[in-house]
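Colleague: For reference, the structure I am asking about is given below.
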Amino acid sequence: MCVGQYCEWSPDSSSEQSLKRKITAILAADVAEYTRLIAEDEEETLTRLEAYRKVFDDFVARAGGRIFNTAGDGVMCEFASAVEATRCAIDIQESLRTANMAHPAERQMHFRIGISIGDVVERAGDLLGDGVNIAARLQSLAEPGSICVSRHVHEAVMNKVSVPFRDLGNREVKNLPHPVHAFEIQMGSTRVPPALMRRDPPVRQKSPAAWIAAGVIAAAAGGTGLFFAGRGSAPVPPTTPIAGAEVAGEKQQGATSGTVSMPAATATPPETPANGSVVITEKLTPAQAFDRLAQSGGIVRDPKSAPELYHNARSYEARGESAAARRDYLAFAALGTDYVDPLLRLAALIRTQDGRAGAREAFADLAQTRGRAAMLVHALQFEGLERRSRLAAFAEANPDFAPIHAVLAQEFGEDRQNGQTIFDRRGELAALSRFLTAEREGRLVPFFLDQSVLAQWLERAQKREAFQKAFFAENRDRVGAQFMRAGSGWQAQVSLPEAATAIDYKFGSMPDFRSTGALQLLDQRTGKPMANPGFELPANQGPTDIALRYLDADGHQSTVTMIAFNPRDALLKGQRDILDRFANSWIAFGDGHNQHLLYYTHLVSYRCAIQRAEIGLDGASPTDLLPLPACDEVNPHSIPANSAPYIRIKPEVKSATLKITYVGGDVSEVKTFLRKP
């Protein structure tokens, strides 16, 4: 059975490949009106689809998902949880909505996304089954630019993502025997369903807050377009504008800028002005004012304050009026406040229209005169080492500017192209600690005009801090070494928690670190010759501390790890490891003319780790001692000339049992050895 471009495997299909069944979250997406877009301008459509797919693929990878099937304009993805799948879908739609602002409405390319969670079968990397089919059907129910999720997904994410849902009820869908209960995530797209727009909300005779809340209600946490994207949709604007609120005492520098001053509250509701605008009658902080404006909807006439300008800019974005949105964002930036979230949205909008170089140029001017938030966002418009260097310099010069610590944590974060090094993990954890300390001390709120965006940053920071703390608590960054006695001395084998380009060691009276050198092998993880993990110590080396360090894949030097080396302890441990690993070689029956002999050469070779060895024949308990020569720590594996590593037995003996007591008192399991017929 096929659903759209995706076909389900049926039990009648013959396959020699192994099948694996599991529960997983599935995201299905395709482009709305793709055939029309291709017919109108094939080359431009394919070019833009490739660009949008890169954005799509990047968000999926960042969320820990996997793309397992593509067909034409369709994409199928797998996620470990419904929460990550939904957050990824919201990020994708927010980012592509901004990208679409650069195109006329008839040429905009909108994805429809469906998400389900359920039982699937994995075959050669592809996923098949009801979970896949339901996601594809939910995708077909979604409006262009929106997301539809199943009831199970809605139940899993409703308290974890800050977006409004609309219950679509049970829907009959093609090729599925039962209806699908669907929910739509209201994304604040340019196509606003009429049912979501209440142009004439009732005014209830209650508190002023009730009059404020009347109007179109929409989420205020839009994505930043860069990192820690907000999960909510932008406000959905009604056709009737609202009256502008005056901001009293709002300073132009700093984010703790006064309160929004409205007319004094009265005992009865104010009359609605003749022009149909809404008057807000409270004193609010800028963040509270922005939240109330977002709830009320509409466009503020003659905006002057930070909340008004930011509200208008986001409203224009939701309408697709990118020029007006950019104008009000730039007017907001001219205020020179410390609010970071509006400037991150402005940067995303400029990058969509003018590219990263255009955003760098625009923010270079703002960074000179418009405060620290503009300086931070300017640094973020660079890439690679240049960006990290600029961010580190900003953090050093402005340690009190709390958002920089979350930004630095993201730079060190798990989204790095080649994965996190231990250096990155330590850097991320330190930055997260500083950021969350600022939150506990109440120093974060003044940097965010949209407090729901701050909530997103905090949620991610807390999650990442817990993850990294667990990583280090489990000692997964530990450097270790094993020592094995060889004929000419000791062989040390270093174990590292990550790829390394060089390993250095120092012990005893060595004045400087010495490199272990490199092997004639290319390490695929680093693209460089593999660092030699081994080095030697002299045979007569006494107890000492060995210092180890290494260079990671990015060239950062690790901290120095001290490893205690005691030759006797190392000898006992090394020999016991060999005995445990090769227990089947402890004894062997002779054959042919030696069938009257039972050999225990393996035990004699590693006798330094053995306190005693006891044997029994033909089912008897192992109580008879096997004679073992004394341990020779100078030549521990050699067999003395006067020692015979065997005992004589009757040729008719069919089995032997053996038990070893190790130095230190540990006792092995009793092992049984059978003579071959």
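Colleague: Looking at region 277-324, which of its residues are in contact with a strand residue (DSSP E or B) (Cβ under 7 Å, 6 or more places away or on another chain), at pLDDT below 90 and outside any helix (DSSP H, G or I)?
Modeller: Ser277, Val278, Lys283, Leu284, Gly298
Colleague: Need the failing condition index for Asp554 against (1) in contact (Cβ under 8 Å) with a residue 60 or more places away in the chain; (2) farther than 18 Å from Arg478 by Cβ; (3) assigned to a strand (DSSP E or B), just the number.
Modeller: (3)
Colleague: Ok, one more. Just the residues that are touching a residue at least 40 places away in the same chain (Cβ under 8 Å) and within 20 Å of Asn594 (Cα to Cα), please, taken from region 618-652.
Modeller: Those that are touching a residue at least 40 places away in the same chain (Cβ under 8 Å) and within 20 Å of Asn594 (Cα to Cα): Pro645, Tyr646, Ile647, Arg648, Ile649, Lys650, Pro651.
Colleague: Has region 572-586 got at least one residue that is in the same structural domain as Ala656 (by TED's automatic domain parsing), modelled with pLDDT of 95 or more and outside any helix (DSSP H, G or I)?
Modeller: yes
The rows are residues; the columns are (1) under 22 Å from His181 (Cβ atoms); (2) in contact (Cβ under 8 Å) with a residue 12 or more places away in the chain; (3) among the hydrophobic types (A, V, I, L, M, F, W, C).
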residue	(1), (2), (3)
Phe56	no, yes, yes
Asp91	no, yes, no
Ile117	yes, yes, yes
Ile147	yes, yes, yes
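Colleague: Which one of Lys659, Lys671 is out of contact with any Pro (no Cβ under 6 Å at 6 or more places or on another chain), charged (D, E, K, R) and surrounded by 14 or more Cβ atoms within 10 Å (Cβ to Cβ)?
Modeller: Residue meeting the stated conditions: Lys671.
Colleague: Another one. If Glu474 satisfies all but one of (1) touching a Pro at 6+ places or on another chain (Cβ under 9 Å); (2) surrounded by fewer than 13 Cβ atoms within 10 Å (Cβ to Cβ), what's the number of the condition it fails?
Modeller: With (1) touching a Pro at 6+ places or on another chain (Cβ under 9 Å); (2) surrounded by fewer than 13 Cβ atoms within 10 Å (Cβ to Cβ) applied to Glu474, the lone miss is (1).
Colleague: Further, regarding this structure: State whether one or more residues within region 374-387 are among the small types (Gly, Ala, Ser) and in contact (Cβ under 8 Å) with a residue 24 or more places away in the chain.
Modeller: Yes, that holds for at least one residue.
Colleague: Another question about this same structure. Counting only residues that are assigned to a helix (DSSP H, G or I) and of a type in the set (Ser, Thr, Tyr), which one in region 380-434 is surrounded by the most Cβ atoms within 10 Å (Cβ to Cβ)? Full working, then the answer.
Modeller: Our first condition is that a residue be assigned to a helix (DSSP H, G or I); within region 380-434, this holds for 384-397, 403-411, 422-434.
After this cut, where a residue has to be of a type in the set (Ser, Thr, Tyr) as well, the list is 389, 433.
Numbers: Ser389: 12, Ser433: 16.
Here the residue is Ser433.
Colleague: Still on this structure, please answer the following. So which of Ser558, Ser509 ends up being over 33 Å from the mean Cα position of the chain (by Cα), more than 30 Å from Gly665 (Cα to Cα) and either surrounded by 13 or more Cβ atoms within 10 Å (Cβ to Cβ) or among the hydroxyl-bearing types (Ser, Thr, Tyr) (or both)?
Modeller: Values: Ser558 fails: over 33 Å from the mean Cα position of the chain (by Cα).
Being over 33 Å from the mean Cα position of the chain (by Cα), more than 30 Å from Gly665 (Cα to Cα) and either surrounded by 13 or more Cβ atoms within 10 Å (Cβ to Cβ) or among the hydroxyl-bearing types (Ser, Thr, Tyr) (or both) holds for just one of Ser558, Ser509, which is Ser509.
Colleague: Search region 66-93 for residues being buried (at least 22 other Cβ atoms within 10 Å of the Cβ) and either out of contact with any helix residue (DSSP H, G or I) (no Cβ under 9 Å at 6 or more places or on another chain) or aromatic (Phe, Trp, Tyr) (or both), and hand back the single one that is nearest to Val163 (Cα to Cα).
Modeller: Ile90
Colleague: State yes or no: is Gly371 more than 31 Å from the chain's Cα centre (by Cα) and either closer than 24 Å to Ala51 by Cβ or surrounded by fewer than 23 Cβ atoms within 10 Å (Cβ to Cβ) (or both)?
Modeller: The answer is yes for Gly371.
Colleague: Taking the condition of being touching a Phe, Trp or Tyr at 6+ places or on another chain (Cβ under 7 Å) and part of a loop (DSSP other than H, G, I, E, B), how many residues in region 435-476 meet it? Don't jump to the end; show me each part of the working.
Modeller: The initial filter retains those residues of region 435-476 that are touching a Phe, Trp or Tyr at 6+ places or on another chain (Cβ under 7 Å), namely 447-450, 454, 456-457, 460-461.
Next cut, part of a loop (DSSP other than H, G, I, E, B) only: 448-450.
Counting residues in region 435-476 that are touching a Phe, Trp or Tyr at 6+ places or on another chain (Cβ under 7 Å) and part of a loop (DSSP other than H, G, I, E, B) gives 3.
Colleague: Among Arg525, Arg485, which is part of a strand (DSSP E or B), modelled with pLDDT under 95 and not assigned by TED's automatic domain parsing to the domain that holds Leu429?
Modeller: Arg485 is the lone residue from the list that is part of a strand (DSSP E or B), modelled with pLDDT under 95 and not assigned by TED's automatic domain parsing to the domain that holds Leu429.
Colleague: Taking the options Ala333, Ala318, Ala324, Ala313, name whichever one is free of Cβ contacts under 8 Å to residues at least 24 places away in the same chain, under 26 Å from Ala359 (Cα atoms) and small (Gly, Ala, Ser).
Modeller: Result of the check over Ala333, Ala318, Ala324, Ala313: Ala324.
The values are calculated or read from the model by the stated rules, or taken from the named source; none is laboratory data. Keep in mind that this is a model prediction, so the values were computed, not measured. Because the Cβ atoms are built from the backbone with ideal geometry, glycine has one as well, and the counts that use them run over all protein chains shown.
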